[in-house]
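The values are calculated or read from the model by the stated rules, or taken from the named source; none is laboratory data. The model shown is predicted, which means the values in this text are computed figures rather than measured ones. Cβ placement follows ideal geometry from the backbone for every residue including glycine, while neighbour counts extend to all protein chains displayed. Accessible surface areas use protein heavy atoms only, side chains included; no ligands, DNA or RNA. Shrake-Rupley method; radii C 1.70, N 1.55, O 1.52, S 1.80 Å.
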Amino acid sequence: MSRETLAAALLPSGVPVRFLAEDGTRVDEHGGYAEPPSDRLVEAYRLMVLGRRFDAQATALTKQGRLAVYPSSAGQEACQVASALALTGADWLFPTYRDSVALVARGLEPGEILTLLRGDAHCGYDPAKTRVAPQCTPLATQTLHAAGLAHAMRRRGEDAVAFALIGDGATSEGDFHEALNFAAVFKAPVVFFVQNNGFAISVPFEKQSAAPALAYKGVGYGVRSEQVDGNDALAVLSVLDDAVAHARAGLGPVLVEAHTYRIDAHTNADDATRYRDQAEVEKWRAADPVRRLETYLVNENLLSGKDIERFRVEAETFAAGVRDTLNADVEPDPMSLFEHVYAVPTRQLATQRALVAAELEAVEG
């Protein structure tokens, strides 16, 4: 294959892939990608409704002092849910701090998901059991973890893929570029999924990168790349299905950029009015991913009013469970400070542990 042919195969579509316009009607801009089966689309809708209600509940819990912080993903539900649905139980998911809804869609317990954001522990779930890495707060470090684990799984002959969720700001970090280069050289079965929501905290995209799209960053490393309308659930699921299949087949890594928008502030501690105006937010509300998919499914007679109400009630019940879980006070075990620090505790850690145990015994005695 010539260099020209190879380069052309790596390039993303000239415009983001999409199946649906903002009003939920079909458009022919999908570039030949296959439409997901109707049952998966209905399940995606159900999980998006559930995820949005979870997101709103978690945001409310920060105002009640039950969570220390919560980075909302409102407006990004199509990306969050499609990320989970594109994977099998054997695949590994590497999320960021903003990807709690993806973990809900993956089937993790909400109380365990929110343990980090409550401040109780670095991770509330078992990564080995769930095949979900701890939610990553430092930008882009999870990309290296995903690339390395994917390479290891390939060497062991495992039929599994690693999937790294990334924000647009993380693409400016060195770890991101090192991960892409490593993954490409060793053909690691990993998908890098960039949710470009327009802002790296308060820095708009145009002040972060001069590239026409972040998807083009993969080409320089020999990584197949694509860009997609991140508010079109059909398109996101279709493109991610294809990317995961490509990686699983041993053809190497894939970089996918989703063009979406963060409706809420960076976190509950952020004042987004300082760096963007409300007119911009309202423009993106019109492209709401949940409403877009709902309109399409209703028009195609794949979703009824009873279905919509049933999913809404399910989401409210789920939110009530989240409230009950987070309103219960946790009594942390001081000795848990010494767990999960080293696989084999050092002498210094053992000494510290013994000192704390002795102090607790003296207090209790």
What is the number of the single condition among (1) closer than 19 Å to residue 12 by Cα; (2) crowded, with 24+ Cβ neighbours inside 10 Å that residue 188 does not meet?
(1)
Of the residues in the range 132-191, those that are assigned to a loop (DSSP other than H, G, I, E, B) and β-branched (Val, Ile, Thr) come to 137, 161
When residues of the range 18-57 are filtered for being among the charged types (D, E, K, R) and in contact with a strand residue (DSSP E or B) (Cβ under 8 Å, 6 or more places away or on another chain), how many remain?
4
Is one or more of the residues making up the range 8-26 open to solvent by less than 60 Å² (accessible area, probe 1.4 Å), small (Gly, Ala, Ser), under 19 Å from residue 262 (Cβ atoms) and out of contact with any Phe, Trp or Tyr (no Cβ under 8 Å at 6 or more places or on another chain)?
no
Reported set for the range 135-169 where residues are of a type outside the set (Asp, Glu), crowded, with 24+ Cβ neighbours inside 10 Å and more than 27 Å from residue 111 (Cα to Cα) is 147, 150
Just to be sure I understand, how many residues within the range 48-94 are surrounded by 24 or more Cβ atoms within 10 Å (Cβ to Cβ) and among the β-branched types (Val, Ile, Thr)?
1
From the list 103, 116, pick out the single residue that is in the same structural domain as residue 322 (by the TED database), free of Cβ contacts under 8 Å to residues at least 40 places away in the same chain and in contact with a Cys (Cβ under 7 Å, 6 or more places away or on another chain).
116
Among the residues of the range 95-111, is there at least one that is open to solvent by less than 20 Å² (accessible area, probe 1.4 Å) and among the aromatic types (Phe, Trp, Tyr)?
no
Tally of residues being farther than 26 Å from residue 15 by Cα and hydrophobic (A, V, I, L, M, F, W, C) across the range 257-278:
3
Can you pull out the residues in the range 212-252 that are open to solvent by 10 Å² or more (accessible area, probe 1.4 Å) and either in a loop (DSSP other than H, G, I, E, B) or among the charged types (D, E, K, R) (or both)?
212, 217, 222, 224, 226, 229, 241, 242, 248, 249, 250, 251
Just wondering, is there one or more residues in the range 200-208 that are open to solvent by 40 Å² or more (accessible area, probe 1.4 Å), closer than 20 Å to residue 6 by Cβ and assigned to a loop (DSSP other than H, G, I, E, B)?
no
